[in-house]
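Everything below concerns the one structure shown next.
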Amino acid sequence: MVSQPSQITTSEVTFIELMLLAKRYNLDPVKITTSVMAICNIDDERLLKAAIYIRDYGVGVFDAFHAAHCSGNIISSDSVFDKSGIKRIKLEG
């Protein structure tokens, strides 16, 4: 009998949930992200970017995922993006 390798998959929502738990329990979001990406054979740099924004810049989880998807420019009134190297198009007057 030939054994087939198991295919483990997950969604971006799982990473969001894990990042929320990482913040709550003061765990390293980058380590968690890279581990899950390895287990699931996922190659998506946006997931790792989000984890880095959370760990290195103190960006909130949802803002970090917005930042990871914005391609370097974001329209926002939230100044948290200013320190992360993302160009923020300000909404405020």
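Considered as a group, the residues in region 59-85 that are open to solvent by 40 Å² or more (accessible area, probe 1.4 Å) and either among the β-branched types (Val, Ile, Thr) or in contact with a Ser or Thr (Cβ under 9 Å, 6 or more places away or on another chain) (or both) include one that is modelled with the lowest pLDDT, and that residue is Ile75. Based on this model, can you work out whether Arg55 counts as surrounded by fewer than 13 Cβ atoms within 10 Å (Cβ to Cβ) and of a type in the set (D, E, K, R)? So Arg55 does not fit the description; no.
I want to confirm something. Restricting to region 13-43 and keeping residues that are farther than 22 Å from Gly58 by Cβ and open to solvent by 60 Å² or more (accessible area, probe 1.4 Å), which single residue is nearest to the chain's Cα centre (by Cα)? Once the filter is applied, the top-ranked residue is Val13.
The values are calculated or read from the model by the stated rules, or taken from the named source; none is laboratory data. Note that the structure is predicted; figures quoted are calculated from it, not measured. As a convention, Cβ positions derive from the backbone with ideal geometry for all residues, glycine included, and neighbour counts pool all protein chains shown. The accessibility values were calculated without ligands, DNA or RNA, using every heavy atom of the protein model including side chains. Shrake-Rupley method; radii C 1.70, N 1.55, O 1.52, S 1.80 Å.
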